[in-house]
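The values are calculated or read from the model by the stated rules, or taken from the named source; none is laboratory data. Values in this document were obtained by computation on a predicted structure and should not be read as measured data. In this analysis, Cβ positions are derived from the backbone assuming ideal geometry, glycine residues included, and neighbour counts consider all displayed protein chains.
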């Protein structure tokens, strides 16, 4: 175990023996980060990019400083970073805005591990244009991509849309290799990094992707803000899907001219407090990473996996060699929801169900699993408590 010390005191919700194991859905927010959200509304709240008064100028500066910090986190230039309200909104925007001349029979490559947010928009697009969806498959025993995935790419491939890490198993994708394969056939690449951003170093230049999106609330921020990187040679060719105030240079009765900046994709009033808090959360996360958070969570995950595997009545989904700090498991004897409810009664929060990844779960021949996803506030003692409660559930429910 590393010498990282979990900052449990920064999370008021954890003061009464409460175990939170659902960080892959949303992270708890540290008090120091939450103060940035409250401070914005208390001291800096004003409309941004619109009004000419001093308060608006100050609020605009805070949002643009946050944009720069969020962009830096993924190695992007701030001028190429859009600030939508969520990853789901961003992916829908991208699906409708990409400057691709779709022809019937063109191909979109996805993985079977996609979250529904990075599947349903492409299904709609495929139905509209009679496109072919092709699938990167996983080995159900190893939890890794099958070896011949390169053969999926062809002259008809126009787009790769891929998760950076599975929200069901935690398996981390070979993103650079996948994006390179897309480039070789002239296809664009879209990365859904919502599950990976808090755990994997992401650099859009090194990855060579065209689009990357991730969420603030999965990086210890609040809901309402996401980061959407658009490659600088790409976004000037894109027509905004969401239209309204704040994204136009000029509007006439019949036509409108969009802003020349990335803000052309930010119609409407932004959630400024969430954006400012997003940047504060990333600063906090960087401090935790420097203190050893990544190896600490890897150690915790290994303890959890070993503990689950020692119980013959449980089955752990495989994740391959590289994974985010989450584990999904199930019992052939006890339903996942019953296990989750038992744990909930003991103040242990886990998630049970299909996890918005039904095709992947079906790939394993399952309908529901229990997922334990770890964060900076979890401890080895909590892992042991979880395992002990599972033993009690088995003794009474099996």
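For the range 70-91, the tally of residues that are in contact (Cβ under 8 Å) with a residue 60 or more places away in the chain and farther than 15 Å from residue 203 by Cβ stands at 10. Among the residues making up the range 50-79, those that are surrounded by fewer than 20 Cβ atoms within 10 Å (Cβ to Cβ) and part of a loop (DSSP other than H, G, I, E, B) are 50, 51, 52, 53, 75, 77.
Condition first: farther than 20 Å from residue 214 by Cβ, part of a helix (DSSP H, G or I) and at pLDDT 95 or above. Can you find one or more residues in the range 93-111 that meet it? Looking for residues that are farther than 20 Å from residue 214 by Cβ, part of a helix (DSSP H, G or I) and at pLDDT 95 or above, one finds none in the range 93-111, hence no.
Scanning the range 145-181 for residues that are part of a strand (DSSP E or B), modelled with pLDDT of 95 or more and under 22 Å from the mean Cα position of the chain (by Cα) returns 159, 160, 161, 162, 163, 165, 171, 172. So for the range 185-196 (the condition being touching a helix residue (DSSP H, G or I) at 6+ places or on another chain (Cβ under 8 Å), surrounded by 23 or more Cβ atoms within 10 Å (Cβ to Cβ) and part of a loop (DSSP other than H, G, I, E, B)), does at least one residue qualify? Yes: the range 185-196 contains one or more residues that are touching a helix residue (DSSP H, G or I) at 6+ places or on another chain (Cβ under 8 Å), surrounded by 23 or more Cβ atoms within 10 Å (Cβ to Cβ) and part of a loop (DSSP other than H, G, I, E, B). With respect to being more than 26 Å from the chain's Cα centre (by Cα), buried (at least 16 other Cβ atoms within 10 Å of the Cβ) and within 29 Å of residue 203 (Cα to Cα), residue 258 fits the description.
Here is a yes/no grid of residues against (1) under 16 Å from residue 74 (Cβ atoms); (2) free of Cβ contacts under 8 Å to residues at least 60 places away in the same chain:
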{"residue": "178", "(1), (2)": "no, yes"}
{"residue": "191", "(1), (2)": "yes, yes"}
{"residue": "194", "(1), (2)": "yes, no"}
{"residue": "209", "(1), (2)": "yes, yes"}
{"residue": "213", "(1), (2)": "yes, no"}
{"residue": "222", "(1), (2)": "no, no"}
{"residue": "232", "(1), (2)": "yes, no"}
{"residue": "235", "(1), (2)": "yes, no"}
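Only a single criterion out of (1) surrounded by fewer than 20 Cβ atoms within 10 Å (Cβ to Cβ); (2) under 23 Å from residue 268 (Cβ atoms); (3) in contact (Cβ under 8 Å) with a residue 12 or more places away in the chain is not satisfied by residue 12, namely (2).
So in the range 124-139, with the set limited to residues that are over 13 Å from residue 360 (Cα atoms) and in a strand (DSSP E or B), which one is farthest from the chain's Cα centre (by Cα)? Here the answer is 132.
Restricting to the range 197-215, name every residue that is surrounded by 23 or more Cβ atoms within 10 Å (Cβ to Cβ) and in contact with a helix residue (DSSP H, G or I) (Cβ under 6 Å, 6 or more places away or on another chain). Those that are surrounded by 23 or more Cβ atoms within 10 Å (Cβ to Cβ) and in contact with a helix residue (DSSP H, G or I) (Cβ under 6 Å, 6 or more places away or on another chain): 197, 198, 209, 211, 212, 213, 215.
Here is a yes/no grid of residues against (1) assigned by TED's automatic domain parsing to the domain that holds residue 374; (2) more than 30 Å from residue 235 (Cβ to Cβ):
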{"residue": "12", "(1), (2)": "yes, yes"}
{"residue": "16", "(1), (2)": "yes, yes"}
{"residue": "38", "(1), (2)": "no, yes"}
{"residue": "48", "(1), (2)": "no, no"}
{"residue": "59", "(1), (2)": "no, no"}
{"residue": "83", "(1), (2)": "no, no"}
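Could you tell me whether residue 209 is in a helix (DSSP H, G or I), touching a strand residue (DSSP E or B) at 6+ places or on another chain (Cβ under 6 Å) and modelled with pLDDT of 95 or more? Taking the combined requirement at face value, the residue does not satisfy it. Would you point out the residue of the range 311-337, among those that are surrounded by fewer than 17 Cβ atoms within 10 Å (Cβ to Cβ) and more than 20 Å from residue 367 (Cβ to Cβ), that is modelled with the lowest pLDDT? My answer is 321. Residue 322 fulfils the conditions (1) over 11 Å from residue 386 (Cβ atoms); (2) in contact with a helix residue (DSSP H, G or I) (Cβ under 9 Å, 6 or more places away or on another chain) except for a single criterion, (2).
Tallying residues that are under 17 Å from residue 328 (Cα atoms) and surrounded by 17 or more Cβ atoms within 10 Å (Cβ to Cβ) within the range 369-384 yields 10.
Taken together, the criteria place residue 179 among residues that are touching a helix residue (DSSP H, G or I) at 6+ places or on another chain (Cβ under 7 Å) and more than 24 Å from residue 24 (Cα to Cα). Just one residue in the set 85, 121 is part of a loop (DSSP other than H, G, I, E, B) and either modelled with pLDDT of 95 or more or more than 18 Å from the chain's Cα centre (by Cα) (or both); that residue is 85.
When the helices (runs of 4 or more DSSP H) confined to the range 263-349 are screened for residues that are within 23 Å of the chain's Cα centre (by Cα), those reaching at least 2 such residues are found at 272-290, 293-309.
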